[in-house]
Each structure stands twice: as structure tokens, then as C-alpha cells.
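What follows draws every value from the coordinates through simple rules; no lab data is involved. Bear in mind the structure is a predicted one, so any value in this text is a computation, not a measurement. In this analysis, Cβ positions are derived from the backbone assuming ideal geometry, glycine residues included, and neighbour counts consider all displayed protein chains.
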Amino acid sequence: MKAVLDACVLVPTVKRELLLGCGRAGLFQPLWSARILEEWARAAARFGPVDEAMARAAIALLQDEFPGAAVPPRAGLEAGLHLPDENDIHVLATAIAGHADVIVTANAADFPRGVLAGEGLERRDPDGFLWELWSFHPEAVAACAEAVRAEAERLSGGPQPIRALMKRARLPRLGKALAG
């Protein structure tokens, strides 16, 4: 399965690392465009120059790690597409050009299911997407989540129970499944 990761699911660290961990485990093939990655860097810049620098470094590492994830723009494709927020048309164009199956986004209103279905695409919120991966590959998703939890614990210096960590990351359904 190929999934375009919208910038809004790349900005929060726990969510991003869990999604990318599942991609590394071969549970899906992540896709993005240079513009999506730039949106991530600009969003991080709102927290300060250090955060932007860290995002740009992470982006460079991801581009090396997932060389097939970058979808180049297809000339003229965006002109024929329509979404409620024209600033998201590039995400839809990336999904079409990359032959994606799904767009993982927290912006449901900006990606109407009917419009996506007309392009052979589905929209998934990150919690539902990760829960679905967990339902088919519980051990692999649990291992990815444990790695993210352990890193969060290392960085914070305190305990990070999985359910609470997932809840803070706005992944409550997955957190409940993992803690269950």
C-alpha cells in the first residue's frame, strides 16, 4: 500500500516517527513531495530556528532513507483538480502522480471522500490508519510504537506509558489497542 503523508502528520514527532517506523517495517510505502516536506519545515520554523534546523536535518535524512518516497510534480495535473482548500491540491496531485492508495491527513474537511474516491484514493486520519496497520500487523506496529516510546522516555528522562503517549500524540485508538 502506498500512502501520501500530509505535512500535518509529519510535524508532531511521535506521530511522524510512528508512521515512518511502520514504513521502515514495510507495512506501507510512504510518499511525499518536496512541497509537503517544505511545509513541514515551515511549520517547525514557527517554534523557532532550532526547530526548523532540526526539521530540515530530519528531512535530509528521510530523503536518503526513503529515496523512492519523493514524488515529482506532474506538469498540468494540479490545474484540473479541485479541493475546498486550494493550498492542498498539491497533496492530491502528489497522491495521483505517485499512484497512492491513501492520503494520511488530519485535515478531513480539506479532502472530501467523494473527490478522493473519484481519483481512486481514500483518506485516513493518522489514528485510524495506524490502528488499521496494527489490526493486520500487531507485532510490527507494537515494535514501532515501543521504539518511539523508548526514545520519548530517553529524551524526557521520565516514564512514558504507551497509552498516555499515544493520547498526547492524538492517537487514542491506537494507544488503547497497544495498551490492551
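Can you pull out the residues in the range 27-41 that are out of contact with any Asp or Glu (no Cβ under 8 Å at 6 or more places or on another chain) and not aromatic (Phe, Trp, Tyr)? If the condition is that a residue be out of contact with any Asp or Glu (no Cβ under 8 Å at 6 or more places or on another chain) and not aromatic (Phe, Trp, Tyr), then Leu27, Gln29, Pro30, Leu31, Ser33, Ala34, Arg35, Leu37, Glu38, Glu39 are the ones that fit. When the residues of the range 118-151 are filtered to those that are over 22 Å from Ala108 (Cα atoms) and under 16 Å from the mean Cα position of the chain (by Cα), which remaining residue is surrounded by the most Cβ atoms within 10 Å (Cβ to Cβ)? Here the answer is Ala145.
This table checks each residue for (1) closer than 21 Å to Leu27 by Cβ; (2) among the β-branched types (Val, Ile, Thr); (3) in contact with a helix residue (DSSP H, G or I) (Cβ under 7 Å, 6 or more places away or on another chain).
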| residue | (1), (2), (3) |
| --- | --- |
| Phe136 | yes, no, no |
| Ala150 | yes, no, no |
| Arg154 | no, no, no |
| Gly158 | no, no, no |
| Lys167 | no, no, yes |
| Leu174 | yes, no, yes |
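Checked against the criterion of being buried (at least 16 other Cβ atoms within 10 Å of the Cβ) and among the small types (Gly, Ala, Ser), the range 26-33 contains one or more residues that satisfy it. Scanning the range 136-147 for residues that are in a helix (DSSP H, G or I) and closer than 17 Å to Ile162 by Cβ turns up Pro138, Glu139, Ala140, Val141, Ala142, Ala143, Cys144, Ala145, Glu146, Ala147. Of the residues making up the range 64-76, one or more are farther than 15 Å from Phe28 by Cα and surrounded by 14 or more Cβ atoms within 10 Å (Cβ to Cβ).
Scanning the range 152-167 for residues that are surrounded by 14 or more Cβ atoms within 10 Å (Cβ to Cβ) and either part of a loop (DSSP other than H, G, I, E, B) or in contact (Cβ under 8 Å) with a residue 60 or more places away in the chain (or both) returns Ala152, Gln160, Leu165, Met166.
The set of residues from the range 35-52 being over 14 Å from Asn87 (Cβ atoms), of a type outside the set (A, V, I, L, M) and surrounded by 17 or more Cβ atoms within 10 Å (Cβ to Cβ) comprises Trp40, Glu52.
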